[in-house]
Amino acid sequence: MPAVFVHVSDIHFGQERDHSIHIHDDVKLQLIEDAADVVAKLPAGVAQGILVTGDIAQSGNWQEYEEASKWLDELAGRIGCPIHRVQMVPGNHDLDRKKLSVGGSALLDYIRAGGQAEYEKVFANPNDRATLLARFEDYGRFSFGYRCALDEEARFATNLRIEIGPDRWIRFVRLNSALLCTGKEKEEQPELMIGSRQFTLPRKTGEENVVLVHHPLHWCKDAADVREYVNARARVFISGHEHNPKVHVEPVADGCDVLMLAAGAAVPYRSNDEYTYTYNIIEFDWDEVNDALAVTMHPRAWNRTRKCFEADGKRLGGKDRRFSLGSPNFRKVGPVTSDVDGNAIAEDVGDTKPVVEEVPTETAGAELGEMPSVPPAAEGYELALLRFFRDLVESERLRILVELDAIPSDFDERMTQGVERRLFDWLVSEGRLPDVTAMIEKMISERKDEDA
């Protein structure tokens, strides 16, 4: 059974001015209606998650992410996936440029005028990293609850993989291409960088990587180095930013391909003949005949006359939208047991739902005492984690940790989101998830009463 994802990019919550807010609100509502209808008609009937390739917000401030969270919750509910099952990366509009200090500006100038050596020198220094990552403060809070937080050491991050065939998995890998953004980037003069600490993608037998990033490679001056790793270790590379949907398969070697997918914008600044409202529904499946990753695109575009989304027969492959990609990491697993007619025998994989594993973030930080480093296996954990970090303010989270005795008496660490997460996980491992959930509901209810 294919793993189905709704893919949106460049939603730009908060960009609206004057009358455009009504038009864009309608477009976002119609996108939900359309996605629900299309997904329901697919064999799976539901989606496994949502992919967002950057520019969720317009100015990177919390009010915009509050609106985005409500919309994502509604979208997830209508396509039948858990509201926490979102994979996201930041774009150039997901940072708050007002939070860039004079020192931060000097660091950016230093890196952009130099190259990989200068990049590594800055990002190897925790104080310099903190200065540049401060611009992502609100995005960081928003994404943390989805387990898509920016890595504190500016490395790639990965926490979700899905089995689409017998011992054949896809793994989503997230990159931050907006680390060096200032708002003055030009395509013809690339100054951005991914950096080797990010582009050294993981490689594992039986897994093919699906890379999510905001900027297409040609916006980065280390594009050649990034491309080498993408070609060697990824099967799908999904980007946004340019608002112009494109797709093509790059043959890397015999039996090895990379699908390069550039997304359109769900909500560009304006809709015209060149750019319009677009999004995708993507099916990831196992091509058992070729032992390959199969990707089927369902591109959707806005009909300006009928004022609704419809199938896009022009972009992203037109009518030929299924791509079978040479997948060397699948073949390393070895042949699948077959019956006398050569059909794969794998416990009727084609008739079952894809196995989804929300695994420990591969770049997780240091431990806090004896507290667990992996997400506790508790029903409702992921939803509670999302609500704890996304829907509560810092003082409310601290109140929960204090009242549930999660903070040791000799505790002397600076309270960061990472520390809060480890304390949260400790409570869950101690069987206190019902208490945490009840207190989250209490905090939200008290706030609503105060606002009434």
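Screening Ser395 against (1) of a type in the set (Gly, Ala, Ser); (2) farther than 26 Å from Val359 by Cα; (3) surrounded by 15 or more Cβ atoms within 10 Å (Cβ to Cβ) leaves a single unmet condition, (3). Of the residues making up segment 16-36, at least one is free of Cβ contacts under 8 Å to residues at least 60 places away in the same chain, outside any helix (DSSP H, G or I) and closer than 22 Å to Ala263 by Cα. Checked against (1) modelled with pLDDT under 95; (2) in contact with a strand residue (DSSP E or B) (Cβ under 9 Å, 6 or more places away or on another chain); (3) not hydrophobic (A, V, I, L, M, F, W, C), His93 passes all but a single condition, namely (1). Could you check segment 213-265 and list, in sequence order, the residues that are in contact with a Gly (Cβ under 7 Å, 6 or more places away or on another chain) and among the β-branched types (Val, Ile, Thr)? Scanning segment 213-265 gives a single hit, Val247.
What's the number of the only condition in (1) out of contact with any helix residue (DSSP H, G or I) (no Cβ under 9 Å at 6 or more places or on another chain); (2) part of a helix (DSSP H, G or I) that Met439 fails to meet? The number of the failed condition is (1). For segment 195-251: of the residues being open to solvent by 60 Å² or more (accessible area, probe 1.4 Å) and part of a strand (DSSP E or B), which is farthest from Leu325 (Cα to Cα)? By that ranking, first place goes to Lys246. Restricting attention to segment 1-35, the residues that are open to solvent by 10 Å² or more (accessible area, probe 1.4 Å) and within 13 Å of His298 (Cβ to Cβ) total 2.
Within segment 437-452, residues that are within 12 Å of Arg387 (Cβ to Cβ) have Cβ atoms under 7 Å from residues that are surrounded by 11 or more Cβ atoms within 10 Å (Cβ to Cβ) and among the small types (Gly, Ala, Ser) in these pairs: Thr437/Gly380; Thr437/Ala384; Ile440/Ala384, counting only partners at least 6 apart in sequence or on another chain.
Restricting segment 289-314 to residues that are buried (at least 20 other Cβ atoms within 10 Å of the Cβ) and more than 14 Å from Val8 (Cα to Cα), which is farthest from the chain's Cα centre (by Cα)? That would be Asp291. Does Asp273 satisfy the criteria of being at pLDDT below 65, in a loop (DSSP other than H, G, I, E, B) and within 25 Å of Glu33 (Cα to Cα)? Considered against the rule, which asks whether it is at pLDDT below 65, in a loop (DSSP other than H, G, I, E, B) and within 25 Å of Glu33 (Cα to Cα), Asp273 comes out as yes. The residues of segment 252-262 that are open to solvent by less than 20 Å² (accessible area, probe 1.4 Å) and within 15 Å of Phe330 (Cα to Cα), listed by number, are Cys256, Val258.
The values are calculated or read from the model by the stated rules, or taken from the named source; none is laboratory data. As the structure is a computational prediction, the values presented were derived from the model and not from experiment. No Cβ is skipped: glycine too gets one built from the backbone with ideal geometry, and neighbour counts run over all protein chains shown. SASA here: full protein model, heavy atoms, side chains in, ligands and nucleic acids out. Shrake-Rupley method; radii C 1.70, N 1.55, O 1.52, S 1.80 Å.
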